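First comes the structure, then the notes that go with it.
The values are calculated or read from the model by the stated rules, or taken from the named source; none is laboratory data. What you are looking at is a predicted structure, and each value in this text was computed from that prediction instead of being measured. With ideal geometry, Cβ positions are generated from the backbone for all residues, glycine too; neighbour counts draw on all protein chains shown.
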């Protein structure tokens with residue numbers, strides 16, 4: 001059963017968007033505000049809140065929210081709960097996310113845990129806090145994942161593994177929350193021209209400078225640099241964040257939304273191919289797409 005879309009202007013059209021300081025989150029908060037939703041926009045700093053207020057209507061309310069910290073989530077959700085009582089929260093959009101790019105062999109477990117704290121556990125914390133506010137009247141949860149949740153790319157273990165975990169959470173919630181008329185929807189972007197994508201080459205260079213040994217450089221430096229350069233070009237020629245925001249708005253406003261929305265160049269094709277092609281053939285295709293040619297080590 002699909003949750004009913006409230007009429008325009010109804011107090012039930014209240015939505016919380018995480019990760020609204022920049023990129024997809026910011027574009028989504030502004031787009032939903034434009035469409036007449038009452039938006040609570042989670043941001044990390046007061047300067048982000050001030051900038052967002054200048055870009056939106058008086059109906060949008062920035063909320064300081066660090067999804068990696070339970071105390072911050074509790075404080076933000078207490079504020080939202082007070083503001084939306086007694087109608088409750090109708091929508092939640094989990095956007096907040098971070099990533100590094102580098103070999104699985106060299107990434108530290110501590111850094112990977114930091115990434116999971118935002119991309120997976122952050123979404124889990126906020127969702128768990130939001131469900132009681134949504135259960136009485138139903139609503140919609142949109143989790144912004146990645147095409148990488150369905151097809152892992154080389155040097156992308158941090159974002160792909162964390163988004164794969166988020167995909168699993170989305171599927172579980174979709175089934176478990178159905179009795180309360182709460183739809184749970186995945187939006188999976190690919191090639192989106194965000195500020196994070198623009199920093200991809202610099203991030204890869206810092207990874208090599210700060211974490212690579214001489215042996216790591218011999219093994220991975222050329223391939224990682226090629227991958228970062230190719231990915232940067234693809235991302236920056238992709239959709240602007242506004243394009244993803246419009247798809248998220250569609251997921252929130254359609255009477256019967258789909259369960260999953262791939263968005264961006266080749267997103268749908270990559271997801272479909274991941275379930276059709278043999279693994280090694282698809283591996284080679286992805287390597288070619290990223291401009292990577294991994295050399296075979298000499299014998300002996």
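Within the stretch 98-115, one or more residues are crowded, with 21+ Cβ neighbours inside 10 Å and either part of a strand (DSSP E or B) or at positive phi (or both). Would the stretch 222-237 turn up any residue that is exposed (fewer than 14 other Cβ atoms within 10 Å of the Cβ) and either within 30 Å of residue 91 (Cβ to Cβ) or modelled with pLDDT under 90 (or both)? Taking every residue of the stretch 222-237 in turn, at least one turns out to be exposed (fewer than 14 other Cβ atoms within 10 Å of the Cβ) and either within 30 Å of residue 91 (Cβ to Cβ) or modelled with pLDDT under 90 (or both).
Looking at the stretch 14-28 only, could you name the residues that are in a helix (DSSP H, G or I) and either more than 12 Å from residue 244 (Cβ to Cβ) or without any contact (Cβ under 8 Å) to a residue 24 or more places away in the chain (or both)? Result: no residue meets the conditions.
For residue 47, the conditions (1) modelled with pLDDT of 95 or more; (2) surrounded by fewer than 22 Cβ atoms within 10 Å (Cβ to Cβ); (3) assigned to a helix (DSSP H, G or I); (4) in contact with a strand residue (DSSP E or B) (Cβ under 9 Å, 6 or more places away or on another chain) are fulfilled apart from (4).
Per the conditions (1) in contact with a strand residue (DSSP E or B) (Cβ under 8 Å, 6 or more places away or on another chain); (2) surrounded by fewer than 23 Cβ atoms within 10 Å (Cβ to Cβ), the sole criterion not satisfied by residue 122 is (2). Against the list (1) over 28 Å from residue 235 (Cα atoms); (2) touching a helix residue (DSSP H, G or I) at 6+ places or on another chain (Cβ under 9 Å); (3) at pLDDT 95 or above, the condition residue 11 fails is (3).
Whether any residue in the stretch 70-92 is surrounded by 15 or more Cβ atoms within 10 Å (Cβ to Cβ), closer than 23 Å to residue 187 by Cα, touching a residue at least 40 places away in the same chain (Cβ under 8 Å) and under 15 Å from the mean Cα position of the chain (by Cα) is what I want to check. Scanning the stretch 70-92, I find at least one residue that is surrounded by 15 or more Cβ atoms within 10 Å (Cβ to Cβ), closer than 23 Å to residue 187 by Cα, touching a residue at least 40 places away in the same chain (Cβ under 8 Å) and under 15 Å from the mean Cα position of the chain (by Cα), so the answer is yes. For residue 272, the conditions (1) surrounded by 15 or more Cβ atoms within 10 Å (Cβ to Cβ); (2) part of a helix (DSSP H, G or I) are fulfilled apart from (1). Among the residues of the stretch 54-86, the ones that are part of a loop (DSSP other than H, G, I, E, B), within 27 Å of residue 117 (Cα to Cα) and either modelled with pLDDT under 95 or touching a helix residue (DSSP H, G or I) at 6+ places or on another chain (Cβ under 7 Å) (or both) come to 5 in all. Looking across the stretch 131-161, the residues that are over 26 Å from residue 278 (Cβ atoms) and either surrounded by fewer than 20 Cβ atoms within 10 Å (Cβ to Cβ) or touching a residue at least 60 places away in the same chain (Cβ under 8 Å) (or both) come down to 131, 132, 135, 136, 137, 138, 139, 140, 142, 144. Within the stretch 162-180, restricting attention to residues that are in contact (Cβ under 8 Å) with a residue 24 or more places away in the chain and surrounded by fewer than 17 Cβ atoms within 10 Å (Cβ to Cβ), the residue that is nearest to the chain's Cα centre (by Cα) is 178.
Just a yes or no: is a residue in the stretch 249-258 within 30 Å of residue 170 (Cα to Cα), outside any loop (DSSP other than H, G, I, E, B) and in contact with a helix residue (DSSP H, G or I) (Cβ under 9 Å, 6 or more places away or on another chain)? Checked the stretch 249-258: at least one residue is within 30 Å of residue 170 (Cα to Cα), outside any loop (DSSP other than H, G, I, E, B) and in contact with a helix residue (DSSP H, G or I) (Cβ under 9 Å, 6 or more places away or on another chain).
For residue 123, the test of being touching a residue at least 24 places away in the same chain (Cβ under 8 Å), under 30 Å from residue 227 (Cα atoms) and assigned to a helix (DSSP H, G or I) is passed. Taking the conditions exactly as written (assigned to a loop (DSSP other than H, G, I, E, B) and under 22 Å from residue 254 (Cβ atoms)), does residue 36 satisfy them or not? Considered against the rule, which asks whether it is assigned to a loop (DSSP other than H, G, I, E, B) and under 22 Å from residue 254 (Cβ atoms), residue 36 comes out as yes.
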